[in-house]
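Please read the structure below before turning to the comments.
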Amino acid sequence: MDTSGLQGYSGTTKELLERENVRIGDEIEVISNGKRYRGILMARYELSDPNYITLKLHNGYNIGIRVTKGVRVFKISAGVKPAFVRPPKPQILSDLPSVIIVSTGGTIASRVEYRTGAVRPALNADDLLAIVPELAGIARIDTEILYNVWSENIQVQHWIGMAEAVDRLIRKNVDGVVLTHGTDTMGYTAAALSFALQKPPVPVVLVGAQRSSDRPSSDATTNLIAAVATAAKAPFGEVVVAMHKWHSDDVIALHRGTRVVKLHTSSRDAFHSVNSRPIAYYQHGELRVIADDLNPRGSNEYICKPKFDARAFLIKFFPSMKPDILNILADIGIKGFVIEGTGLGHVSSNWVPVIKELTEIGVFVGMTSQCKFGRVNMNVYDSGRDLLRAGVVPLDDMLAEVALVKLMWILGNFGDRAELEDIKELMLMNVAGEIRSRTLPNVGG
Ligand code: ASP
């Protein structure tokens, strides 16, 4: 998140504003081509033309002023800082289960400052607790700020940090952990934590929001309440994602961490389970568990393997794509590939010799499908059989991005010792519900 106070400004425009010690929300005067403009400096979209300053004039209109050589900027007065005042924390009831909310960033932890248009990372887990006092009736909440990032900035180091943080909390005997997270890559993190924290003794619940908590349509509160209730009361120890089941606020779905994808850019019901149903629903204060293959709360089979190695690559095949990309990537150190092939698991035949060369020197190549639902089956067509002969490993019904995360996890924890055969075996072994040998057709939720 941009904490410079000049969100959306870059290059010489940002330098000009910094020289005058101007921040978003300040009242400024801009002189351009002999004309004077007075108003409040507004935030801009990161991708908008960098050569403009946006001002909110006193009449309420916004104008863009092109920054050319002669443009001068003067600060008139500093803006009033955002007026968010955290309500007092509710009273904590001592006989409730203990839940820790770990905040990592994302929309659920931000709010829009309407006067200037800036999205501010203003809400940490403590603020969330204060503005959602219902939480205090569900669990003894404690909060921790681990990161404050948009989830598109998450790296494997963050997954390692999150896994280690949750492991530390599990060892402190908390009853459940909630991680607030940006929605864009929450599915990847859910998969990463599912592999890193196997059969945890308590629920580990990731939760996000499609709309920030200051908007009337926000899903932050309902998602967070369901997440905390699941962490506090669920009879299972699983890594799950808690998000709206549909548009209305009444049902929150709990998705298995290795089966969940974000399928909509903005809708509140963006998250769905693929090739599997959600494992539970939270509705009107009740948790209804529907899956019957869950690791029970309190199980003592917990294993923490929190390392990841990012030298794995996910390739989406498209018509006319050349196979040279595989060699280029292998040359810069990529140790394994997950291909998102067409249909039942295909790429064009000119890829076969290149893949064969790579698998012969120990590079892993696995196949998933661009079709979200179903499984790969590379025995149906000769193109699939040729790829099998070249050493491609069909990854059944695993989601492509989950297979990528799993490969990074295998390389991180077993990479130095593992031979290609070991990697293949681990990729096909069910670690956290990510792969199943038989799939119900088109099951989703
Ligand atoms: N881009 C944001 C993120 O993933 C969106 C969100 O938080 O929902 O962090």
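The values are calculated or read from the model by the stated rules, or taken from the named source; none is laboratory data. Keep in mind that this is a model prediction, so the values were computed, not measured. Glycine also receives a Cβ, built like all others from the backbone with ideal geometry; neighbour counts cover every protein chain displayed. Note: areas computed on protein heavy atoms with side chains; ligands, DNA, RNA excluded. Shrake-Rupley method; radii C 1.70, N 1.55, O 1.52, S 1.80 Å.
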- Message: Based on this model, can you work out whether GLY161 counts as more than 14 Å from the ligand (Cβ to nearest atom), closer than 20 Å to GLY187 by Cβ and either at pLDDT 90 or above or open to solvent by 10 Å² or more (accessible area, probe 1.4 Å) (or both)?
- Response: yes
- Query: When you go through LEU329, LEU287 one by one, which is the residue that is under 30 Å from GLY415 (Cβ atoms) and either surrounded by 14 or more Cβ atoms within 10 Å (Cβ to Cβ) or at pLDDT 95 or above (or both)?
  - Reply: LEU329
- Item | Search result, residues across the stretch 62-88 that are modelled with pLDDT under 90, over 22 Å from ASP49 (Cα atoms) and surrounded by fewer than 18 Cβ atoms within 10 Å (Cβ to Cβ) | ALA78, VAL80, LYS81, PRO82, ALA83, PHE84, VAL85, ARG86, PRO87, PRO88
- Does at least one position in the stretch 183-198 carry a residue that is within 17 Å of GLY105 (Cα to Cα), in a helix (DSSP H, G or I) and among the acidic types (Asp, Glu)? no
- Item | Hits in the stretch 132-158 (condition: more than 15 Å from the ligand (Cβ to nearest atom) and charged (D, E, K, R)) | GLU134, ARG140, ASP142, GLU144
- Item | Any chance LEU57 is of a type in the set (A, V, I, L, M) and out of contact with any Lys or Arg (no Cβ under 8 Å at 6 or more places or on another chain) | no
- Note on the structure: With criteria (1) modelled with pLDDT of 85 or more; (2) of a type in the set (S, T, N, Q); (3) more than 16 Å from the ligand (Cβ to nearest atom); (4) farther than 30 Å from LYS35 by Cα, GLN91 comes up short on (1)
- Any residue in the stretch 205-213 that is crowded, with 22+ Cβ neighbours inside 10 Å, β-branched (Val, Ile, Thr) and either at pLDDT 95 or above or within 16 Å of the ligand (Cβ to nearest atom) (or both)? yes
- Message: Restricting to the stretch 261-284, name every residue that is open to solvent by less than 50 Å² (accessible area, probe 1.4 Å) and either of a type in the set (A, V, I, L, M) or touching a helix residue (DSSP H, G or I) at 6+ places or on another chain (Cβ under 7 Å) (or both).
- Response: VAL261, ALA270, VAL274, ILE279, ALA280, TYR282
- Query: So how many residues does the stretch 302-333 have that are assigned to a loop (DSSP other than H, G, I, E, B), within 30 Å of VAL239 (Cα to Cα) and in contact with a Phe, Trp or Tyr (Cβ under 9 Å, 6 or more places away or on another chain)?
  - Reply: 5
- Query: Being surrounded by fewer than 18 Cβ atoms within 10 Å (Cβ to Cβ), hydrophobic (A, V, I, L, M, F, W, C) and closer than 29 Å to SER273 by Cα, is that true of even one residue in the stretch 408-425?
  - Reply: yes
